[in-house]
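See below for the structure under consideration.
The values are calculated or read from the model by the stated rules, or taken from the named source; none is laboratory data. In this text, all values refer to a predicted model and were calculated from it rather than measured experimentally. All Cβ positions, even for glycine, are placed from backbone atoms using ideal geometry, and neighbour counts span all protein chains on display.
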Amino acid sequence: MSQPNDFSPSCPVPLAQYEQVLLAHGGGGRLMHQLLERVFLAAFSNPALDTGHDAAVLDVGGARIAFTTDSYVVHPLFFPGGSIGTLAVNGTVNDLAMAGARPIALSAGFIIEEGLAVETLERVVASMRDAAREAGVPIVTGDTKVVDRGKGDGVFINTAGIGLVEHGLRVAPASVRPGDAVILSGDIGRHGMAIMAVRENLPFESAIESDCAPLCAPVLGLIASGAEVHCLRDLTRGGLASALNEIAGGAGVGITVDERAVAVREDVRGACEILGFDPMYVANEGRFVAFVPEADAARAVEVLRRHPVSSAAGVIGWVTEGASGLVAVRTPLGATRVLDMLSGEQLPRIC
Amino acid sequence: MKFVDEYRDSAAAEKLLGAIRGLVTRPWTIMEVCGGQTHAILKYGIDELLPAGVTLLHGPGCPVCVTPLEKIDRAVALASRPDVIFCSFGDMLRVPGTDRDLLSVKAAGGDVRIVYSPLDALRIAAENPARQVVFFAVGFETTAPGNAMAVYQAKRADIRNFTVLVSHVLVPPALEAVLGSPGCRVQGFLAAGHVCAVMGYTEYLPIAARYHVPIVVTGFEPLDILQGIHLCLKQLEQGRAEVENQYSRVVSEQGNRPAQALVAEVFQVVNRAWRGIGEIPRSGLGLTESFAAFDAERRFDLSAVGPRPEPAECIAGLVLQGLQKPPECEAFGGRCTPEHPLGATMVSPEGACAAYYRHRRIAAGQGSVR
């Protein structure tokens, strides 16, 4: 122990390498990316995977097919604004949409815990049916497994999806160029705080409902408008901050965001204030960012605003050169700060 | 958002910044005491907007940073016991002990739970009479009343399976430790508003007088902080060293008397080790004899987990005091990068080393030389 007069406070360094998987490895932040690189990319590396996009795009007999999969483990199964079923459909539909693809079909795999009420399962499946209908995509194949009581959390769902890419654009981080406008499709943070409020039984005045929604309609509308879409990314775990960092890193560019242009609903802001969360890192399930050339920005915003799910779309920032991989935020007071990727999960602060 | 947006107004901030620019005639160094203030300063970029020569140093008021290694190790040891439910505020879970953090204990099967109030931990104890529930009671004077209340209620309700691992610290002795440091550059303080909401601010009067430093009790919103800086600089320019209260909408001179009385009943002032600083006499709180039955360090045998030496990591401490610049560190940019940090200042996106590292890269990309 050093002497009392040697005053040198420094925050202890969080661990960067763990030999066991933590919950934080699933948080969408830096720890998750380390796990992906160390375990999965190391084992599976190939050109389609290495693109690092939400869906792989494959040439199949002359057609460009987008292919993606995602698993859903949310607790509770039902929450204001959605359920594990709506997430399972919309999440995969949105991953296809982010490749600029029209969803063609989904698969659904269920891992069910012994003891789950059949009525609950029926409600989950009904919500999937309704979500699939809204997104205009059939669920064409599936699988069911049951595990011992205590070895699942009610039900886990995996969905995979294929979509058709019907345009010549290369929608991927590598297409992003300095000067591109960054368009955000609406207010952020609703899904994460809706789940948080229910899971932790936090008594807020009114229920915050998830923003869970299919995004294929606005995206396909955007592409049909002729706007030169460079990249799309839906904001899920890790929030807006992680999505922008992933794209800045993947494209080797900088991104500057005007914090005042990023909308956060009043009740979501209040909940974040109470818990010490930054809405920039809170999960969404019905929001995305689009990167388009400056010349197309106004038209793109106008097209997106025609769709209810993206009726509040607006330009929130710009792609810059030089600052490779760096996301900067102009604060409301006019200063600039770095918006880094989260290390693991956001944890409620002491004070 | 009412009562928040008013204190983030950019026009009012610009006005205050103008007043600060008009006031300053020479360089000054001010320390904001509380980690919450540091957070707001970096989030809004307030340090960047101040006139050149006005330096903000980040103070010791972050419970995560100052809780000693030994206590983290003891928390890890307790949380690893199969008979224990270990409850903590969320951000303590990531603080590394000698070998691991509480997140790792959780991954290995330990029952570690995040709570939002110590009373939640007490409720868990009442609901699980066959298990031992330990709450990690850390923080400054701000969290002390809530933690005292949990222990007080446990005694009243005779909940015997509830204990607390106490590592409470106090602000005034830390300010004196800062001021007594040989390399101290601090000329004025922004005192922690929420600590003073509990304690009032009379205990700062002798410190301001003895060391001739202005101390301004300051809030946490951007306008609070700018106003606190303005008041502090005004005192410095005029050669005054008084205790002033910027945060009067929350803080009164005498503070919250019932909260103080509860803290005084449950806790007593003890010597306390601070991470990165060492032991400071009479700088912490421990349970009084009449509540000793709720002390986890007495209930459980933790004798195997003694004081540990701090790892010699990097020059973060010197960087934080402004005594050295990041590029002067041998490891900077080589062995130490944001992806493989050796010290805290390279970890946080807003840390001095990480910021330097990134801005240097920006400068290089634009072809300019710094």
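The residues in region B:226-271 that are surrounded by 14 or more Cβ atoms within 10 Å (Cβ to Cβ) and in contact with an Asp or Glu (Cβ under 7 Å, 6 or more places away or on another chain) can be counted, and the count is 4. Taken over region B:148-201, the criterion of being assigned to a strand (DSSP E or B) and not hydrophobic (A, V, I, L, M, F, W, C) is satisfied by B:THR163, B:SER167, B:HIS168, B:GLY188. Residues considered: A:ALA66, A:ALA55, A:ALA42. Of these, the only one that is more than 18 Å from the chain's Cα centre (by Cα), at pLDDT 90 or above and farther than 21 Å from A:ARG190 by Cα is A:ALA42. The residues of region B:39-80 that are assigned to a loop (DSSP other than H, G, I, E, B), within 12 Å of chain A (Cβ to nearest Cβ) and in contact with a helix residue (DSSP H, G or I) (Cβ under 6 Å, 6 or more places away or on another chain) amount to a single one, B:CYS62. Entry remark, region B:177-211: residues being touching a residue at least 40 places away in the same chain (Cβ under 8 Å) and of a type in the set (D, E, K, R) number 1 in total. Between a first residue in region A:272-283 that is among the charged types (D, E, K, R) and a second residue that is surrounded by fewer than 22 Cβ atoms within 10 Å (Cβ to Cβ), which pairs have beta carbons less than 9 Å apart while being 6 or more apart in sequence or on different chains? Listed pairs, sorted by first residue: A:GLU273/B:MET1; A:GLU273/B:VAL4; A:ASP278/A:CYS272; A:ASP278/B:LYS43. Of all residues in region B:39-80, those satisfying the criterion of being over 22 Å from B:ASP101 (Cβ atoms) and either within 14 Å of the chain's Cα centre (by Cα) or not assigned by TED's automatic domain parsing to the domain that holds B:LYS106 (or both) are B:ALA40, B:LEU57, B:HIS58, B:GLY59. Filtering region B:176-209 to residues that are in contact with a strand residue (DSSP E or B) (Cβ under 7 Å, 6 or more places away or on another chain), closer than 16 Å to B:CYS232 by Cα and not β-branched (Val, Ile, Thr) leaves B:ARG185, B:GLN187, B:GLY188, B:PHE189, B:LEU190, B:ALA191, B:ALA192, B:GLY193, B:TYR201, B:TYR204, B:LEU205, B:ALA208.
Restricting A:LEU96, A:LEU31, A:LEU58 to residues that are among the aliphatic types (A, V, I, L, M) and outside any helix (DSSP H, G or I) narrows the list to A:LEU58.
The set of residues in region B:81-135 being free of Cβ contacts under 8 Å to residues at least 60 places away in the same chain, away from chain A (no Cβ under 13 Å) and either part of a loop (DSSP other than H, G, I, E, B) or of a type in the set (D, E, K, R) (or both) consists of B:PRO82, B:ASP83, B:ASP111, B:GLU127, B:ASN128, B:PRO129, B:ALA130, B:ARG131.
Could you list all residues from region A:190-201 that are under 20 Å from B:ASP120 (Cβ atoms) and either part of a helix (DSSP H, G or I) or touching a Leu at 6+ places or on another chain (Cβ under 8 Å) (or both)? Can you show your working first?
Here is the first cut: in region A:190-201, the residues under 20 Å from B:ASP120 (Cβ atoms) are A:193, A:195-201.
Residues satisfying the conditions are A:MET193, A:ILE195, A:MET196, A:ALA197, A:VAL198, A:ARG199.
Determine whether A:ILE255 is touching a Cys at 6+ places or on another chain (Cβ under 7 Å) and buried (at least 18 other Cβ atoms within 10 Å of the Cβ). Taking the combined requirement at face value, the residue does not satisfy it.
Which ones in region B:127-158 are among the aliphatic types (A, V, I, L, M) and buried (at least 19 other Cβ atoms within 10 Å of the Cβ)? First the steps, then the outcome.
Step one: list which residues in region B:127-158 are among the aliphatic types (A, V, I, L, M), which gives B:130, B:133-134, B:137-138, B:144, B:148-151, B:154, B:157.
Selection gives B:VAL133, B:VAL134, B:ALA137, B:VAL138, B:ALA144, B:ALA148, B:ALA150, B:VAL151, B:ALA154.
The residues listed here are A:VAL219, A:VAL268, A:VAL257; of these, the one that is within 21 Å of A:ALA172 (Cβ to Cβ), over 16 Å from the mean Cα position of the chain (by Cα) and outside the structural domain of A:SER127 (by TED's automatic domain parsing) is A:VAL257.
Go through region A:310-341 and give me each residue that's in a strand (DSSP E or B) and of a type outside the set (A, V, I, L, M). Explain how you work it out, then say what you get.
We begin by selecting, within region A:310-341, every residue in a strand (DSSP E or B); these are A:314-320, A:327-330, A:336-338.
Residues satisfying the conditions are A:GLY314, A:GLY317, A:TRP318, A:THR320, A:ARG330, A:THR336, A:ARG337.
Among the numbered conditions (1) on the phi > 0 side of the Ramachandran plot; (2) surrounded by 12 or more Cβ atoms within 10 Å (Cβ to Cβ); (3) at pLDDT below 95, the only one that A:GLY152 does not meet is (1). Screening region B:17-38 for residues that are buried (at least 18 other Cβ atoms within 10 Å of the Cβ) and in a helix (DSSP H, G or I) and picking the one that is nearest to the other protein chains (Cβ to nearest Cβ) gives B:GLY36. For region A:191-212: of the residues being modelled with pLDDT of 90 or more and more than 12 Å from the chain's Cα centre (by Cα), which is farthest from A:SER311 (Cα to Cα)? Applying the filter and picking the extreme gives A:ILE195.
Of all the listed residues (B:SER248, B:SER167), the sole one being among the hydroxyl-bearing types (Ser, Thr, Tyr) and under 30 Å from B:PHE291 (Cα atoms) is B:SER167.
Condition first: assigned to a helix (DSSP H, G or I) and more than 10 Å from chain B (Cβ to nearest Cβ). Now tell me which residues in region A:246-271 satisfy that. Step through it out loud before you land on a result.
So in region A:246-271, the residues assigned to a helix (DSSP H, G or I) come out as A:246-251, A:259-261, A:266-271.
Scanning region A:246-271 gives A:GLU246, A:ILE247, A:ALA248, A:GLY249, A:GLY250, A:ALA251, A:ALA261, A:VAL268, A:ALA271.
When you look at A:PRO279, is it within 18 Å of the chain's Cα centre (by Cα) and of a type outside the set (Phe, Trp, Tyr), yes or no? For A:PRO279, the condition - within 18 Å of the chain's Cα centre (by Cα) and of a type outside the set (Phe, Trp, Tyr) - is met.
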